[in-house]
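The structure appears below as structure tokens.
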Amino acid sequence: MKITPLCNVFGKCGGCKFQDIEYSAQIAMKRNDIYELLNRTGISFSKEKIKIYFKNEYYYRNRMDFIISLDGCGLREKGKFYKIINFNKCYIAADRINELLQEINGWIKKDIQKEEIFDIKKKTGILRYSVIRTGIFTGDTLITFILNKDAEKEKIDKIIEKIKLFTEKTKALKVLYGFVRHNTDVSITDEFVILKGNEFIKERLANLNYYYHSQGFFQSNSGVAIDMIFYIKEKIKEKYDLLFDMFGGVGTFGIFMSEYAKDVIIFDNNKYAEICANKNIEINNKTNIKFIKQDVLNIENLLPEVKGRKSIYIIDPPRAGLHKKAIKFILETLPEKIFYISCNPVKFIEDYKNIDKKYDIVDFALFDMFPQTPHIESVAELVKI
Ligand SMILES: C[S@@+](CC[C@H](N)C(=O)[O-])C[C@H]1O[C@@H](n2cnc3c(N)ncnc32)[C@H](O)[C@@H]1O
């Protein structure tokens, strides 16, 4: 069912593609697409059995990476890398992000000169991104300004002075700036400076507190992340010897489920995930959880710690899916149950095909983390045959 989109840059901005489709129809479409994909690839699963969880269709994102242009912050025009579409309100971003977006837009218009803005084609200028993050359930707010490291030092210093003045006035609780090279296009950095507060964002998911790093990963829709946590939690019916949270990040899942295992291992290769997961383990008073910082390429180092134990795995890989070493590890350790979380259903199916002689899919649920966009997150419950 077609509707009138709320956003006046709909159709131009590359951010939302589905705003002209009634939300109930978006949900039905996503469910149908996944049903067809599963069945087309030989995984027979009835449509009725595919559950779908959803919450707010607008104002749900806790993070926006806005590109800075002369007319303020914006996102790329659909299909055009070099063109930025500007706005004062993004309908999928949390209200607090929109408030800060308006503050930054006002500041750019008043205080920033054309040559101070990064030119995407020429790769000159300084101000590149403003990344705004918020704790949906805590009210925490953090802005990181991303600057071109290769610009002239004097010009960079001038911009930093302007950011300092902005920092004195903004409602944001935390402000950072950081540097990236002119020939890369990333909006996170290890080279950052804190101007206000600290570099962590605080979020609360149900009854637990989490810190995540301004330059690291966290689920972008905190409300739906809670649904996902409870979906998994309610399906763990017994106690295991080991819960292995593979690609566990800051411990979002492992910490929540820790009561279901004697020991919990959170495994991730990111240094900020390590800092935050250890902090989260401590503030939530968990004593049976260990974070192991290691790349999946070396996952076999964990075999002695894992093999032979009655275990349950929560696996939440990046978009690229599972490296063959992770598949080998699963087949060598054979956990009783796996919850495979995926933001890329095609990859999930490919990975599942590598272990389908040993595991059945007993349940499959979709989580609409990204309403108004084609993206979907899924959780498959796999049980050892
Ligand atoms: C989709 S995120 C999931 C994070 C976590 N489950 C959560 O909910 O916050 C994927 C995680 O995989 C980690 N990762 C990416 N590549 C990796 C690798 N080669 N080895 C180990 N971890 C990796 C990232 O640091 C990130 O935390």
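The values are calculated or read from the model by the stated rules, or taken from the named source; none is laboratory data. All of these numbers come straight from a predicted model, not from anything done at the bench. Glycine also receives a Cβ, built like all others from the backbone with ideal geometry; neighbour counts cover every protein chain displayed.
Condition first: within 24 Å of the chain's Cα centre (by Cα), in a strand (DSSP E or B) and either β-branched (Val, Ile, Thr) or farther than 30 Å from Asp140 by Cβ (or both). Can you find one or more residues in the range 55-68 that meet it?
yes
For the range 325-343, give me the residue count where each residue is near the ligand (Cβ under 9 Å from one of its atoms) and part of a helix (DSSP H, G or I).
Result for the range 325-343: 1.
Would you call Gly254 more than 18 Å from Ile232 (Cα to Cα) and either touching an Asp or Glu at 6+ places or on another chain (Cβ under 7 Å) or surrounded by fewer than 22 Cβ atoms within 10 Å (Cβ to Cβ) (or both)?
Against the criterion (more than 18 Å from Ile232 (Cα to Cα) and either touching an Asp or Glu at 6+ places or on another chain (Cβ under 7 Å) or surrounded by fewer than 22 Cβ atoms within 10 Å (Cβ to Cβ) (or both)), Gly254 does not qualify.
Going through the range 165-192 one residue at a time, which ones are touching a strand residue (DSSP E or B) at 6+ places or on another chain (Cβ under 6 Å) and of a type in the set (Lys, Arg)?
Lys174
In the range 293-324, how many residues are without any contact (Cβ under 8 Å) to a residue 60 or more places away in the chain and within 9 Å of the ligand (Cβ to nearest atom)?
Final tally of qualifying residues: 10.
Identify the residue in the range 249-262 that is touching a strand residue (DSSP E or B) at 6+ places or on another chain (Cβ under 7 Å) and free of Cβ contacts under 8 Å to residues at least 40 places away in the same chain and, among all such residues, is nearest to the ligand (Cβ to nearest atom).
The qualifying residue nearest to the ligand (Cβ to nearest atom) is Ser258.
Tell me, please, whether a residue that is exposed (fewer than 13 other Cβ atoms within 10 Å of the Cβ) and either modelled with pLDDT under 95 or in contact with a helix residue (DSSP H, G or I) (Cβ under 9 Å, 6 or more places away or on another chain) (or both) can be found in the range 57-71.
For the range 57-71, residues exposed (fewer than 13 other Cβ atoms within 10 Å of the Cβ) and either modelled with pLDDT under 95 or in contact with a helix residue (DSSP H, G or I) (Cβ under 9 Å, 6 or more places away or on another chain) (or both): absent.
Pick from the range 273-286 the residues that are within 13 Å of the ligand (Cβ to nearest atom) and surrounded by 22 or more Cβ atoms within 10 Å (Cβ to Cβ): which of them is farthest from Thr189 (Cα to Cα)?
In this case the residue turns out to be Asn280.
Could you say which residue among Leu382, Leu322, Leu366 is in a loop (DSSP other than H, G, I, E, B) and surrounded by 19 or more Cβ atoms within 10 Å (Cβ to Cβ)?
Going through Leu382, Leu322, Leu366 in turn, the sole match is Leu322.
So how many residues does the range 118-145 have that are among the aliphatic types (A, V, I, L, M) and within 16 Å of Glu161 (Cβ to Cβ)?
Residues in the range 118-145 being among the aliphatic types (A, V, I, L, M) and within 16 Å of Glu161 (Cβ to Cβ): 2 in total.
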